[in-house]
Every structure is written in C-alpha cells, then in structure tokens.
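Scroll down for the structure; my scribbles are underneath it.
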Amino acid sequence: MAASSVLRPGLFKHRVAVVTGGGTGIGKAISAELLGLGCSVVISSRKAGRLEAAAEEMRQHIPASSPATVTPLPCNIRSEDEVKALVSSVLQQFGRIDYLVNNGGGQFHSPAEDMSSKGWKAVVDTNLTGTFHCCKEVYTAWMKQHGGAIVNIIADMWKGFPGMSHTGAARAAVDNLTKSLAIEWAASGVRVNAVAPGTIFSKTAMENYKEFGSHLFKMSIPFSPAKRLGLPEEISSAVCFLLSPGASYISGATLKVDAGQSLYRSMWDIPDHSAWPEAPEGENMDGMKELLNPRSKL
Ligand code: ADE
C-alpha cells in the first residue's frame, strides 16, 4: 500500500474522486493516497474481479474514523455509453465528483511496421478517446456547474516513443487535449493538468509486459539520471498535489515526474548503417571526409 502522504491529513475529506485504472499500479497508488487523505474514491477499470480485490485491500487501510470509502465500478472507457453510466452512477451514489484522474490505459510493445490497424486503434481508443469520454462526461454532468480538477496521466513520449508509437501518439494527443480543456473549461472553475511519468516499476506493469517487462525495467535504469526506477507512490504525490488547493493557480500544465529522464539518453538503439541519403558535395563534404579519413601529411 501507499506510503503516507506529505499532504495534510483530511485534506480531501468529503470530496469524491474517480480514478480510472484505479485498481492497479500507478492508479492504485493514487487511489490509496486520496483515500488516506479522506477522499471517497471510485476506482474503475474493465476487470471487475481485480477491481473488487483492490478495493477490498484498500478498505483494510481506511481508519474507522475516516469518512472515506472506496467503490469499484467496472467500465470500459472506450465506450461512451459505459462512461455515461459510470458518471451517472457515481453522481447517484455520492452526489458530486470533485476530481477525475484519467489513468486507465494500455499498450503493447511492437515496432510500428508490425502493428495492425486493429492494435493501433485499440490503444488510441483507450488512451486518447477513453480519456476524452471521461473528461467530457464528468464535465458536462457535474464540473461545468460545480468546478473541479482533472489530472491526465500521460507518458515520457517527448522524444517520440519508438517501440510503442501508438501510445506515444495517443499520450502526446492527451497532452494537447489537457491544454485545450484547461482553456475551454476555465470559466467553470475546472483545472486540467497532466502528469508525465518516467519509467515506473509496479507489480502490475511487470505482469502486463511479461518477460519483456523485467528486461525493460532492468535495462532502463542506466537511462535514468536517478539511476533507479520510479515507484507509483512518486507519481501519486504529484497527482494529489495537482488536485489539491496548493495547485489552485495551476492549469494546462504537464508535470514531468521522471527524474529528468526525458532530457537524457534515448533507449532506442540505432545500428550502424549506410542507408542514409548522401550529404551534398562541396568544400564542407571534403573537409568532413578529411576529418574522418585524413590523408597523410608526409
Ligand atoms: N484500462 C485498460 N484498458 C481499459 C479500458 N478499455 N477501459 C477502462 N480501463 C482500462
């Protein structure tokens, strides 16, 4: 379970949050921290069993004195109808939605040339369109009249995302969507921000990516300026801050929580090759050849 929050105890008392993908990995850490701060949290994903088990585990950690509750509600965010039903059910049960965390998503490793249209669409539908469905429905059904705060979880796709181009494209689009919504919904008192995690280890991510997961996590350590992986709790603290009154003047921002990874080296290896188009002939080309293959001055 999550480490205790640095935020003030009871900060989110009597508030209600919806966290998609809230039963696993980063989403579970966010849900646990919100719960620890007194917030009632609705966790949502497609897998009802896993969601119920996560909710039961989180319930064990809620003190008897806390008004917070955790409620699992299954939903496929790709379906606008299911998102409408989710939001309507939360409003029926709790009468408000103060916070939305769009963390639900998924992707698989594949070079772009091997990706089927179906695989591409599934990732874009979940990560981009699913986020749009949730933002739009929570806004129109509640936040438009009452305000609120939204945080979208994206990814370290700032140098492209070779090997997972579908999710790179979708997450970059959510970065832009975050800015558009921050402006469109400002007049309703709705703040919209994003968090872009670096390489974050979680048990769920390991299971999800199978044997590739352990390889990916181990090999990515030298690519972090921190020389270690991040943990879900290190994303959760940033998300809870952005939802909190401490971030009351922050909207349309994307906070990179990656120890500077996005400023550092790319993990994608390009083998030596001679396929690149020739450079133009001339004195600079001659100088470059001389630099690389100097003729003897003797
Ligand atoms: N997490 C991954 N895919 C999802 C989906 N389609 N709906 C909700 N949560 C998800």
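The values are calculated or read from the model by the stated rules, or taken from the named source; none is laboratory data. Computed from a predicted model, the values in this text were never measured in an experiment. Note that we place each Cβ from the backbone using ideal geometry, even for glycine, and neighbour counts take in every protein chain shown. These area figures cover heavy atoms from the full protein model, side chains too; ligands, DNA and RNA do not enter into them. Shrake-Rupley method; radii C 1.70, N 1.55, O 1.52, S 1.80 Å.
Residue 81 contributes about 120 Å² of solvent-accessible surface, heavy atoms of the protein only, 1.4 Å probe.
Once you have the Kirkwood Rh of segment 16-292 from its Cα pairs, apply Stokes-Einstein at 25 °C and 0.890 mPa s and quote D in µm²/s.
Numbers: Rh = 20.0 Å.
For the chosen part, D equals 123 µm²/s.
On a 0 to 90 degree scale, rounded to 10, what angle separates helix 232-243 from the longest Cα axis of the chain? Between helix and principal axis, roughly 60 degrees. When the Gaussian network model of the chain links Cα atoms closer than 10 Å, the mean-square fluctuations of 136, 227, 256 top out at 227.
Where only DSSP H runs of four or more residues are counted, the chain gives -12500 deg cm²/dmol as its mean residue ellipticity at 222 nm, each run worth -39500 (n - 2.57). Of the residues 137, 184, 283, 233, ranked by 1.4 Å probe accessible area with the largest first, the sequence reads 283, 184, 233, 137.
For 171, 228, 46, write out the residues from largest to smallest accessible area, computed with a 1.4 angstrom probe and no ligands counted.
On the way: 171 20, 228 120, 46 145 Å².
I get 46, 228, 171, largest accessible area first.
A 1.4 Å probe run over the protein chains yields, for the chain, 53 Å² of accessible area per residue, whole-number rounding. Have a look at 189, 130, 22 and tell me which one the Gaussian network model of the chain (Cα, springs below 10 Å) gives the largest fluctuation. Most flexible of the set in this elastic network: 189.
Take the solvent-accessible surface of the protein heavy atoms, probe 1.4 Å, and return the percent of it on the chain that carbon and sulfur atoms account for. List each step's numbers first, then the result.
Working: 8810 of 15700 Å².
Reported share for carbon and sulfur atoms: 56 percent.
Taken one residue at a time, the phi angles of segment 118-132 give Karplus couplings (6.51, -1.76, 1.60, θ = phi - 60°) of 5, x, 4, 5, 4, 5, 5, 4, 6, 6, 9, 5, x, 5, 4 Hz. Gly and Pro are set to x. Within segment 197-298, the chymotrypsin sites (Phe, Trp or Tyr not before Pro) that combine a DSSP coil assignment with at most 12 other C-beta atoms in a 10 angstrom radius are 249, 268. On a per residue basis, the convex hull of the C-alpha atoms belonging to segment 75-186 measures out at 92 Å³. Computed from backbone phi with θ = phi - 60° and the Karplus coefficients 6.51, -1.76 and 1.60, the 3J(HN,Hα) list for segment 66-80 is 7, x, 5, 9, 10, 10, x, 10, x, 6, 9, 5, 5, 9, 4 Hz; x is used for glycine and proline.
Just list whichever of 210/256; 84/121; 28/203; 47/218 have alpha carbons separated by over 23 Å in the model shown.
Listed pairs above 23 Å: 210/256; 47/218.
Result for the chain in a Gaussian network model with C-alpha springs under 10 Å: among 280, 232, 72, the largest mean-square fluctuation is at 280.
Can you tell me the orientation of helix 203-220 relative to the chain, as the angle in degrees between its alpha-carbon axis and the longest Cα principal axis, to the nearest 10? For helix 203-220, the angle is close to 30 degrees.
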